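Notes for the one structure printed next.
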Amino acid sequence: MTQFLQALLSGLLLGGFYGVMVLGFSVLWGVMGIINLAHGDFLMTGAYLAWLMFRTFNLDPFISLVLILPLMFVVGYALQKILLNRLIERPRLATLLVTFGLSISLANLHKILYTADPRNVPVAYNGSIELWGISVPIVKAIVFFIALGMMSLLHLLLQRTRLGKAIRAAAQNKNAAKIVGIDIDRVYAITAGICIALTAGAGAAISPTQAIFPFMGQPFTLKAFTITVLGGLGRIPGALLGGMVLGITEVMVATYVPGIGTNFGVALSLILLVVILIVRPQGLSSGLRPMNEDRS
């Protein structure tokens, strides 16, 4: 029973991270219709920024989020203005090819800058505490609560602010949003900035627990696909639900299937992706309204 509870806790903590990791991917797809194959590479960029700030300024990776989030917001804003805005009206294949090229460019750029050697961000509190016989990893628990905080703030932004209403309007019906005076280009640029910032922030948050190397992003992009299918496109609660399902499934399989280990996660993502597409293509949280509903 203790082993099961330990695995369940580990899966929940991992699922919380997956939930915030997929937000940028899901929202960008839901609002602009762009499938960002460079999603995991922006997560990798955030992890490298956390490592660089730790090495240069001895800055704690969680504190460095205060700098990384606004910096990557500017990067995302500029990226939308320069590149992504040209892809919105293009065929879906064009967006896939361009973002795939961006993924390769980012990975190889980081390889040139930092070499392929794995990096890590050591923190003094990278231990665990015992609660009722269950080991709770401190860093992963911090990541979990930061993830919940980011998701809650994004949910409040989208539901309670004028900007959030404009983003949802642009996602649901771009032409109608233009008619009522919403600046679509500005909304798209801000949305891209938020998505890239959230993705990089997720990467910075896991830098103490994850080896950082230039080609670490592709598995996260694949998992983002799976979680988006599980939770439904553009649904923030669905992203958390999908992340929890994938995280718990990964840990349970690694715990109870001998010889599998945690590296089975990528293959498991593919299996879940195929199963959900066949059994329930609308996602597990189909009762929630997606941001891109009635989009034209």
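Being under 13 Å from the mean Cα position of the chain (by Cα) and either buried (at least 16 other Cβ atoms within 10 Å of the Cβ) or at pLDDT 90 or above (or both) is true for just one of PHE73, PHE42. Which residue is that?
Values: PHE73 fails: under 13 Å from the mean Cα position of the chain (by Cα).
Just one listed residue meets the conditions, PHE42.
Could you say which residue among ALA141, ALA124 is surrounded by fewer than 15 Cβ atoms within 10 Å (Cβ to Cβ) and closer than 28 Å to TYR48 by Cα? Give the derivation first.
On the way: ALA141 fails: surrounded by fewer than 15 Cβ atoms within 10 Å (Cβ to Cβ).
After ruling out the rest, the residue left standing is ALA124.
Please work out if VAL180 is out of contact with any helix residue (DSSP H, G or I) (no Cβ under 7 Å at 6 or more places or on another chain) and surrounded by fewer than 24 Cβ atoms within 10 Å (Cβ to Cβ).
Working: out of contact with any helix residue (DSSP H, G or I) (no Cβ under 7 Å at 6 or more places or on another chain): yes; surrounded by fewer than 24 Cβ atoms within 10 Å (Cβ to Cβ): yes.
Here the answer is yes, as VAL180 does meet what is asked.
Under the condition of being hydrophobic (A, V, I, L, M, F, W, C) and not in a helix (DSSP H, G or I), which residue from segment 186-224 is surrounded by the most Cβ atoms within 10 Å (Cβ to Cβ)?
Only one residue fits best here, namely ILE206.
When the residues of segment 240-268 are filtered to those that are among the polar types (S, T, N, Q) and at pLDDT below 75, which remaining residue is surrounded by the most Cβ atoms within 10 Å (Cβ to Cβ)?
Ranking the qualifying residues of segment 240-268, first place goes to THR262.
Go through segment 144-172 and count every residue that is in a helix (DSSP H, G or I) and loosely packed, with under 13 Cβ neighbours inside 10 Å.
Looking only at segment 144-172, we keep the residues that are in a helix (DSSP H, G or I), and these are 144-160, 162-172.
Next, from what is left, pick out any that are loosely packed, with under 13 Cβ neighbours inside 10 Å: 145, 149, 152-153, 156, 159-160, 162.
Number satisfying all stated conditions: 8.
Out of the residues in segment 117-142 that are of a type outside the set (Asp, Glu), part of a loop (DSSP other than H, G, I, E, B) and touching a residue at least 24 places away in the same chain (Cβ under 8 Å), state the one that is farthest from SER207 (Cα to Cα).
GLY133
Out of curiosity, is ALA200 touching a Phe, Trp or Tyr at 6+ places or on another chain (Cβ under 7 Å), within 20 Å of LEU71 (Cα to Cα) and of a type outside the set (Ser, Thr, Tyr)?
Numbers: touching a Phe, Trp or Tyr at 6+ places or on another chain (Cβ under 7 Å): yes; within 20 Å of LEU71 (Cα to Cα): yes; of a type outside the set (Ser, Thr, Tyr): yes.
Judged against the criteria, ALA200 is a match.
LEU59 versus (1) in contact (Cβ under 8 Å) with a residue 40 or more places away in the chain; (2) over 21 Å from ILE134 (Cβ atoms); (3) aliphatic (A, V, I, L, M): which is the lone unmet condition?
(1)
Which one of the conditions (1) at pLDDT below 95; (2) over 23 Å from PHE225 (Cα atoms); (3) touching a Phe, Trp or Tyr at 6+ places or on another chain (Cβ under 9 Å) does SER135 fail to meet, given that it meets all the rest?
All conditions are met except number (3).
Residue-wise test of (1) among the aliphatic types (A, V, I, L, M); (2) closer than 21 Å to ILE142 by Cβ.
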residue	(1), (2)
GLY40	no, no
MET53	yes, yes
MET72	yes, yes
ALA78	yes, no
PHE100	no, no
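Take the residues of segment 8-39 that are among the aromatic types (Phe, Trp, Tyr) and within 30 Å of PRO91 (Cα to Cα): which is farthest from the chain's Cα centre (by Cα)? Show your work before the answer.
Residues of segment 8-39 that are among the aromatic types (Phe, Trp, Tyr), as a first pass: 17-18, 25, 29.
If we keep only those that are within 30 Å of PRO91 (Cα to Cα) as well, we get 18, 25, 29.
Values: TYR18: 6, PHE25: 6, TRP29: 12 Å.
Residue satisfying both the conditions and the ranking: TRP29.
From the list LEU49, LEU84, which residue is at pLDDT below 95, of a type outside the set (Asp, Glu) and crowded, with 22+ Cβ neighbours inside 10 Å?
Values: LEU49 fails: at pLDDT below 95.
Step by step, each of LEU49, LEU84 is checked, and only LEU84 is at pLDDT below 95, of a type outside the set (Asp, Glu) and crowded, with 22+ Cβ neighbours inside 10 Å.
The values are calculated or read from the model by the stated rules, or taken from the named source; none is laboratory data. Since the structure is predicted, the reported quantities are computational estimates derived from the model, not experimental observations. Neighbour counts run over all protein chains shown; Cβ positions are idealised from the backbone, glycine included.
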